[in-house]
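The values are calculated or read from the model by the stated rules, or taken from the named source; none is laboratory data. The shown structure was predicted, so the numbers you read here are calculated from the model rather than taken from an experiment. Methodologically, a virtual Cβ is constructed for each residue, glycine included, from the backbone with ideal geometry; neighbour enumeration extends over all protein chains shown. Heavy atoms of the whole protein, side chains included, go into the accessibility calculation; ligands, DNA and RNA do not. Shrake-Rupley method; radii C 1.70, N 1.55, O 1.52, S 1.80 Å.
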Amino acid sequence: MEKLTITTPSDVLSFIGHTLGFWPQESLVCITLNQNSIGATLRIDLPRQPGQELPYARTVAHYLTSDTTATSILFAVYTSETARPGQPKPHAGTIAALTGVLAEQGITIRDGLFVGDDAFSPYDSEPGTSLTLPLNSTQTSAINAEFIYRGSFIEPTDRINLPTTSQDATKAAAVEQHMETIRSQPSDAALQQGRKLWAGMLDSKDFPTDEDCHALVANLQFPTIRDRLIADIPGVDEPMQQILFAQTQHAPKWSRIEWAQQLLLHAYTRTSPEHAAPVLTTIGYINWWEGKGSKAHQFLQLALDTDPAYRLARLSDQMIGSGLVAGWNMDKNTAYKTMPFDLP
């Protein structure tokens, strides 16, 4: 794919919005750079309490240095707080602390943006100057046009809106019937049949029938089968544990992973709440692979809403909450990205 060049602040904000999939609110967003090539994108909530600037900066730096090739960063502070002439910008203490912590790691801050509700400007500029631009100018940026052309769009927030599903007892009964069939089979045979079903879906270009969706959901109810089906998603022939923790030697097939997420959302609409937790947990796991921690957390919480005792969802949420980054996102050659970009 041909690389694109980000040339303006509007391009930067468009890139952030499309990369995250939503418009950040009360957030710090950092983009790692190696010379002029863009690496990883990190979004994290801004600190809510004073006095937390240095611990917060260390946490951010820990995430950013996961990109071992990073030599500098761009940042954007998204906040509804008002910047006043002659006064330090909101969260100036946080940015100062981050500058110092990153300098200890040999990483410089190349540039920064202050993004309000209606306008944005360079972080180090005075409010109300000619450098301030209306936020809607991002809609006419070249990068935004390219993303839209390729089918991308930006949600107003990162709140997940699940597709609707009716609580139809016949759906639950259909899944239970498939589960009975699985229980009646030798474990190896059941596993192989589940993998064959899932492989056929992943290789197809069409959404499966309702019957196949019920069969998939049934297979996901069994932890041994579920873990193997999750490991089959990236299309990497390496040990299952390495795949689950995104620590493989080879890059995953991201288009296959994206298709798996669409299939699982489709299957979700064909099931009932009592069987939904494994489906939502698997989608959450995919979002963790892609570096979308906040969305992964939301899907895992939705899974726990349907089954508070669902162990994989709880353990996965604790893993994400501890700051563990999917291994693929620590290498720009394997990390999830929408399109390749350069800076001038």
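Annotations for the structure displayed:
- When every residue of region 7-19 is checked against the conditions, none turns out to be free of Cβ contacts under 8 Å to residues at least 24 places away in the same chain and open to solvent by 20 Å² or more (accessible area, probe 1.4 Å).
- Scanning region 99-152 for residues that are in a strand (DSSP E or B), under 23 Å from Ile38 (Cα atoms) and either of a type in the set (S, T, N, Q) or open to solvent by 30 Å² or more (accessible area, probe 1.4 Å) (or both) turns up Thr108, Ile109, Arg110, Asp111, Ser121, Pro122.
- Tally, over region 63-88, of residues that are in contact with a helix residue (DSSP H, G or I) (Cβ under 8 Å, 6 or more places away or on another chain), without any contact (Cβ under 8 Å) to a residue 60 or more places away in the chain and part of a loop (DSSP other than H, G, I, E, B): 1
- Residues (more than 13 Å from Thr157 (Cβ to Cβ) and touching a Leu at 6+ places or on another chain (Cβ under 6 Å)) located in region 21-31: Leu28, Cys30, Ile31
- The residues listed here are Ala335, Ala309; of these, the one that is touching a strand residue (DSSP E or B) at 6+ places or on another chain (Cβ under 7 Å) and open to solvent by 10 Å² or more (accessible area, probe 1.4 Å) is Ala335.
- Hey, Thr181 of a type in the set (Val, Ile, Thr), over 20 Å from Ser27 (Cα atoms) and free of Cβ contacts under 8 Å to residues at least 40 places away in the same chain or not: yes
- Helices (runs of 4 or more DSSP H) fully within region 196-244 counting 1 or more residues that are touching a Gly at 6+ places or on another chain (Cβ under 7 Å): 210-220, 223-232
- Of the set (1) out of contact with any Leu (no Cβ under 6 Å at 6 or more places or on another chain); (2) modelled with pLDDT of 95 or more, all apply to Pro90 but (2).
- Residue selected from region 153-172 under the condition among the small types (Gly, Ala, Ser) and loosely packed, with under 12 Cβ neighbours inside 10 Å, by the criterion farthest from the chain's Cα centre (by Cα): Ala169
- Assessment of region 295-317 against the conditions (among the β-branched types (Val, Ile, Thr) and within 14 Å of the chain's Cα centre (by Cα)) yields no matching residue.
- Complete set of residues in region 245-261 that are free of Cβ contacts under 8 Å to residues at least 60 places away in the same chain, in a loop (DSSP other than H, G, I, E, B) and polar (S, T, N, Q): Gln249
- Residue within region 330-340 that is aliphatic (A, V, I, L, M) and more than 24 Å from Glu238 (Cα to Cα) present: yes
- Scanning region 1-23 for residues that are out of contact with any Asp or Glu (no Cβ under 8 Å at 6 or more places or on another chain) and part of a loop (DSSP other than H, G, I, E, B) yields Met1, Glu2, Thr7, Thr8.
- The lone exception for Thr269 - which of (1) in contact with a Cys (Cβ under 9 Å, 6 or more places away or on another chain); (2) surrounded by 21 or more Cβ atoms within 10 Å (Cβ to Cβ) it fails: (2)
- Residue that is out of contact with any Lys or Arg (no Cβ under 7 Å at 6 or more places or on another chain) and aliphatic (A, V, I, L, M), where the choices are Val101, Val115: Val115
- Top-ranked residue of region 43-55 - restricted to ones that are assigned to a strand (DSSP E or B) and either in contact with an Asp or Glu (Cβ under 7 Å, 6 or more places away or on another chain) or in contact (Cβ under 8 Å) with a residue 60 or more places away in the chain (or both), ranked as nearest to Thr108 (Cα to Cα): Arg43
- Residue match in region 176-197 (condition: of a type in the set (D, E, K, R) and modelled with pLDDT under 95): no
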